[in-house]
Amino acid sequence: MRETFALVGFFEILMVLFMQWEIYTKKIITTFSISSYIIALFLFYLGIVQNSPYVIALSLISAFVRGFFIPWYMKRRIVRDHWREREIKPVISTAMSIVISLLIVVFAYVLYRITFYNSIHLVEGSIPMALLLQGAFLIISRRNAFIQLIGYMTMENALFLFEGYLFPGLPFIVEAGIVLDLIGIIAIAGVVVRMMKNSSVEMNESDELRG
Amino acid sequence: MNYIYTLPMFFTLAASLLCLVKKTYFEEVVSIIAAFSTVAVAFIMVFLPSYTSHYLYIDGLSKIMLIMVSMIYASTVMFSTTYMKYIDNPSFEKHFYYFLMNLFAFSMLFTVSVNDLGLIWVGVEATTVTSALLVATENTETSIEATWRYIIIVSVGLIISLLANIFIYSVTGTLNIQQMMQGVQTNKILVLGAMMAVIGYGTKGGIFPMHTWLPDVHGKAPAPVSAAFSGILLAVALYAVARIMQIVNVGTVKEFAFWLGLFTVAVAATLMIVQKNYKRLFAYSTMENMGMMLMGLSLGKYAFIGAVILTLSHAFAKSSVFYLSGNILARYKSKKIENVKGVSQRMPFTGYTLFFSALAVTGTPPFGTFIGELLIIYGILKYFPLFYALLVISFLLVAFISINYKVGSMVFSKPTDTVVTERKRVGTIVPIVNTLLAFLVIFFVPQINQLLSVGMIK
């Protein structure tokens, strides 16, 4: 199991690094969808091994909402407006994103070793931590609402990977998964779509939102 | 008789479902009936003993929160009946607004009633789901941008608190509040989990450094939504922090919370000086009060009672301030302080009520906020050197001057137009009632103390 977790974690980190460096929104969405499917598959396997219906339910939610529904919905919106496929001006340049995202992986490992490792004693626990920080960096470093939402859901994926592997049996985790995904759905259905109607998916600085 | 403890949740949930029926004024009538029924049940509950079951944990603190949430919910629904008419191009139909408002109230009532830290998390997160679209009711680009910031920042904060719950569970093996109240074995992971919970829930409570969504949302949300956010939502988030600190009763966590509270007060008071938009000014005032509450919760004993009194009194006063800001916006069509002149002459009821409610939110006697802040400062003096108490007092003074000077300039300045444009209607009366309630809280201090110590009023 440890080897499988490490392998899944390795692929997840590779994929999130790709997302950090990529500027085409569609490719980022596809990568995120694949990473969600991989996590869902791992959770499903974990649920079977541990005989935990909670973890199996979580894997099915992950596959449906984050693997299929949200990426599908985002892509459908992008197809309608081709010119929005590429984020022209990211907050942090691509070159700088590459450097920072690599440093985040190292930082997550060091942070994990000096804090949680003392109690958890599993070195691969640093993988979800790296994914969490990468998700946060994706939110900070981009203006595109779709990519910010993917950053948020990357954090969510990391959390479920962390919980499923290290702390199985958390009683309310399915409810938590549903509510977190609802936020994603509401964000996309209620906010992003309307923003697109108002001509821009980019988050703008407004005078009314300063100070 | 135990079913009575679930009635507030039942009323709000049933009302939200009924609001889906499209019928003229039906959603308003249903919401008002549900809101006042909730208030009635919440008051009955204070005379009943504390109740604990597998799912519910209703002690004195929960009962006070239930009263507060239900009363602000009721006043917000009442105020909405007039205010919604002023929104030109709403994002959705009126019945959907009430559907969301009732669900929002349900999620808050659920949060303060459940017997599980995990379910508290679900409740707090559900408030984001139900309230996110309410922020964007006015359907402008900036309100949608504010909603987006709200969703992203608050959700990241709540991911931190979910992680905190996982850590706490890994140590205790349960998230059941009643079981954990009997004592938990503390270790580094538990302390770390509790500290993360303070940051995570603190994000929703407008606590520094994750407060940045708060002024945006309060600035852009419609007045009744701002009132509900400021008065009760943030307090509900701090309720989760209070529960965590009751369970993980460790000095490090409390000290951490105290410093976060102090920084919050400092940052909010400083930023208030430069505010030019009155809704954002009131939002920073909320942040300052939340900082004080967090300090009170962390200090415990008298300061804890002070924090509860402050929470209750602030909820009435601040909701009143936001209702009034909605009335002013409807007349002056501007959120800039410099554009609002002579409110006391053009809108006498609104003007004078705003003046008194601004005094209330800044902790002026004889309002309940004064008693609350006094008890918190007493707590600071007890555990910290005099310097810290003086520091907090100086920040409170800055906040007091900033708000009252700016409100004074809006209320008592010379108007550009002397025509009285105010009508006596629900939207004018509701803020007056809430300001009065912010004062009346002082007469119920012994009952609040009794509720917190024995769980009921005998």
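Here are some notes:
- From phi via Karplus (6.51, -1.76, 1.60), per-residue ³J(HN,Hα) for the stretch B:44-58 in Hz, x at Gly/Pro: 4, 4, 5, 8, 9, x, 4, 9, 9, 9, 4, 9, 10, 9, 10
- Farthest positive-ward along the stretch B:2-454 dipole, Cα basis, beta-carbon charges - from B:139, B:205, B:56: B:139
- Cross-link reach list, lysines versus residue A:27, counting only Cα pairs under 29 Å and skipping chain neighbours closer than eight places: A:75, A:89, A:197
- Kirkwood hydrodynamic radius of the stretch B:2-454, from the reciprocal of the average inverse Cα-Cα distance over all distinct pairs: 21.6 Å.
- The stretch A:1-71: projected area of the alpha-carbon convex hull, averaged over directions, in nm²: 4.5
- For the stretch B:138-269, relative contact order (Cα pairs under 8 Å, six or more residues apart, normalised by length) works out to 30 percent.
- Per-residue ellipticity at 222 nm, computed for chain B from helices alone with -39500 (n - 2.57) per DSSP H run of at least four residues, works out to -24500 deg cm²/dmol.
- Cα→Cβ-extended label distance, 7 Å offset, between residue B:397 and residue A:115, nm: 3.8
- Hull volume per residue, based on the alpha-carbon atoms of the stretch A:12-156 and their convex hull, is 96 Å³.
- For the residues of A:153-164, the average number of beta carbons from a partner chain within 10 Å of their own beta carbon is 2.
- Only alpha carbons enter this Debye calculation for the stretch B:198-258, each as an equal point scatterer, and the log10 of I(q)/I(0) it gives at q = 0.16, 0.27 Å⁻¹ is -0.53, -1.09.
- Per-residue Cβ neighbour rank within 10 angstrom, fewest leading, B:213, B:121: B:213, B:121
- Sites matching trypsin sites (Lys or Arg not before Pro) across the stretch B:278-367 that sit in DSSP coil, with at most 11 neighbouring C-beta atoms within 10 Å: B:333
- Protection proxy ranking, highest mean first, for peptides A:20-26, B:282-288, A:47-53: B:282-288, A:20-26, A:47-53, where packing is the per-residue count of other beta-carbon atoms within 10 Å, averaged.
- Using alpha carbons only: equivalent-ellipsoid semi-axes of the stretch B:1-89, gyration tensor based, whole Å: 28, 14, 10
- For the stretch B:326-454, fraction of C-alpha pairs farther apart than 23 Å, in %: 45
- Within straight-line cross-link reach of residue B:85, lysines at Cα separation under 19 Å, skipping those fewer than 8 residues along the same chain: B:22, B:23, B:94, B:220, B:333, B:335, B:424
- Pair-distance profile P(r), taking every C-alpha pair of the protein assembly as shown, with 20 angstrom steps and integer %: 19, 54, 26, 1
- On the principal axes of its alpha-carbon atoms, the stretch B:217-331 has extents of 51, 25, 21 Å, going from largest to smallest.
- Nearest-0.05 FRET efficiency for residue B:24 and residue B:181, computed from C-beta distance (R0 41 Å): 0.25
- Remark on residue B:57: its backbone amide H falls under 5 Å from those of B:114, B:115, a criterion applied only to residues 5 or more positions apart or on other chains, H modelled at 1.01 Å from N.
- Averaged over the residues of B:154-166, the number of partner chain Cβ atoms lying within 10 Å of the residue Cβ comes to 6.
Bear in mind that the values in this text are calculations on the coordinates, not laboratory data. The shown structure was predicted, so the numbers you read here are calculated from the model rather than taken from an experiment. All Cβ positions, glycine included, derive from the backbone under ideal geometry; neighbour counts span all protein chains shown.
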